[in-house]
1. Kindly evaluate Leu82 against the criterion of being within 19 Å of the chain's Cα centre (by Cα) and of a type outside the set (Val, Ile, Thr).
2. Which residues, taken from the stretch 189-248, are farther than 17 Å from Ala74 by Cα and among the acidic types (Asp, Glu)?
3. Scanning for something in the same structural domain as Leu207 (by TED's automatic domain parsing), touching a residue at least 60 places away in the same chain (Cβ under 8 Å) and among the β-branched types (Val, Ile, Thr), does the stretch 137-153 turn up at least one residue?
4. Taking only the stretch 217-237 into account, find how many residues are part of a loop (DSSP other than H, G, I, E, B), farther than 12 Å from His193 by Cβ and out of contact with any strand residue (DSSP E or B) (no Cβ under 8 Å at 6 or more places or on another chain).
5. Would you be able to say whether some residue in the stretch 223-240 is touching a Pro at 6+ places or on another chain (Cβ under 9 Å), aliphatic (A, V, I, L, M) and not assigned by TED's automatic domain parsing to the domain that holds Ile120?
6. Tell me which of these Val259 doesn't satisfy, since it passes every other one: (1) crowded, with 17+ Cβ neighbours inside 10 Å; (2) under 30 Å from Glu118 (Cα atoms).
7. Give the residues of the stretch 238-260 that are part of a loop (DSSP other than H, G, I, E, B) and either within 17 Å of Ala196 (Cα to Cα) or aliphatic (A, V, I, L, M) (or both), sorted by residue number.
8. Among residues belonging to the stretch 159-183 that are without any contact (Cβ under 8 Å) to a residue 24 or more places away in the chain and closer than 25 Å to Ala208 by Cβ, point out the one that is surrounded by the fewest Cβ atoms within 10 Å (Cβ to Cβ).
Amino acid sequence: MRECDGRFSCFMADMQNTPTPGIVPPLETSRDNTRDTAQEWGLAHIVADLRQSREELHRTRHPLGIRELPSREAIVKIVNGLRSALFPTHYGAPDLTDESVDYYVGQTLESTLRLLHEQIRRALRFLPEHRDTDDATLSAQAFAIAREFGSQLPQIRALLVSDIQAAFTGDPAAQHVTEILLCYPGVWAMTHHRLAHALHKLGVPLLARFINEIAHSLTGIDIHPGATIGPSFFIDHGTGVVIGETAVIGQHVRVYQAVTLGAKSFPSMSDGSLVKGNARHPIVEDDVVIYAGATILGRVTIGKGSVIGGNVWLTHSVPPGSNVSQGKIREGSGPDAPGNGFGA
C-alpha cells in the first residue's frame, strides 16, 4: 500500500491513480505504513456531494457557464489608480513636482485604463445582449467604454471637489481640504460612487456594483451605483447610510449617519419575482438636510430646503421648506404647502 497522510493532495492522487511525492506531516517525524482510517477526512464523499450540489441540486453558475469573472483585486487597483490620477498630490507618489505631476498622471491613467478595459470586457459578457457577441467585438466595445469613461474624469473630479467643499463648509470640525480627502469616509464613498455611477450609465452595471461594494465594506456607506446625486453632496460621519438604486438627490444636500433612502414596497410579477428597475426610492430636492437615523421610504419627494429630523420615519412627500421631526411637521410657506399639517 502506498503511503499517504490523508490530506487532499494524496486524495487527489488516489483519484487520478498517479503517484504523489512524499509528504512530511508538520507535527510528526514518522508514521507507519498503515493508513489510519480514524484520521481520514472522508474527502471522496465530501467532494462528490459538493459536485452534486454545484451541478444538480443548488446551481449558482451563470446560465451561460461564464467562468472568467471580474477580479475584485484588479478593481481595487483601478480605483486606487483613478484616485491617484484625480488627486495626485494627495494619493499619488510622494515625490511629485510641478514638472513631473502631469507625466505621473498620464502614466497612471495609461496603466489604469488598460486594466479597466479588461475588467469591462469581462463584465459585459454577463449582459444578455452580449451572450453571443464574439470576443473581438466585445473587446472593441469595452475599449470604447473605457475611453469614454476616461474622457469624463475631469467632470467627475469637478463633482468630487464640490463634495469636498461641501464637507469643509458643512463640518465645523474640518480643518482643511487635505484632512477631508484623507480622513472623511463620506468623501471616500463618494469617490467610489462618482466613478461607479459613470460606469453604470455607460452600461457596465456589474463593474459599477463592484466599485461601490468595495466602498461599502470599507466605510459602512451603501450607495447603489444607479443613484443620481447632484454636486456638493456631503455625508457626515457616514456609517449606516443607505441610498437606493433609483434615488435622486439634488445639489447642496447633507445627510448624517444611519440615514436610509429606501423603497417602501416591492411589486412582484405573476411568478413571484420582484419587478426590477422601477422608480421606488425618494427624490430629495436641493438644500435638504437629513439628520441621523432618519428613514425615508418610497417614491416620495422631499421639497427644497427641508430639514428632516433625527430618527424620523417618513413615507410621504413634504413640501419645500418643511421642518419634520418625530411626530410632527411644520410646513413651508411656499405655494405648494397644503393648508394643514399631517403627521410624520
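The values are calculated or read from the model by the stated rules, or taken from the named source; none is laboratory data. None of the values given here were measured: they were computed from a predicted structure. Please note: Cβ atoms are built from the backbone with ideal geometry, for glycine as well, and neighbour counts cover all protein chains shown.
1. Details: within 19 Å of the chain's Cα centre (by Cα): yes; of a type outside the set (Val, Ile, Thr): yes.
Judged against the criteria, Leu82 is a match.
2. Selection gives Asp222, Asp236, Glu245.
3. So in the stretch 137-153, the residues in the same structural domain as Leu207 (by TED's automatic domain parsing) come out as 137-153.
Add one more test, that the residue is touching a residue at least 60 places away in the same chain (Cβ under 8 Å), and what stays is 153.
After this cut, where a residue has to be among the β-branched types (Val, Ile, Thr) as well, the list is none.
The answer is no, given that none of the residues of the stretch 137-153 is in the same structural domain as Leu207 (by TED's automatic domain parsing), touching a residue at least 60 places away in the same chain (Cβ under 8 Å) and among the β-branched types (Val, Ile, Thr).
4. Adding up the residues that qualify gives 4.
5. First pass over the stretch 223-240, keeping only residues touching a Pro at 6+ places or on another chain (Cβ under 9 Å): 225-226, 235, 237-239.
Remaining after also requiring aliphatic (A, V, I, L, M): 235.
With not assigned by TED's automatic domain parsing to the domain that holds Ile120 added as a condition, the list becomes 235.
Checked the stretch 223-240: at least one residue is touching a Pro at 6+ places or on another chain (Cβ under 9 Å), aliphatic (A, V, I, L, M) and not assigned by TED's automatic domain parsing to the domain that holds Ile120.
6. The failed condition is (2).
7. Restricting attention to the stretch 238-260, the residues satisfying the condition of being part of a loop (DSSP other than H, G, I, E, B) are 238-241, 244-247, 250-253, 256-259.
Within the stretch 238-260, Val241, Gly244, Glu245, Thr246, Ala247, Val253, Ala258, Val259 qualify.
8. Filtering first and then ranking leaves Val161.
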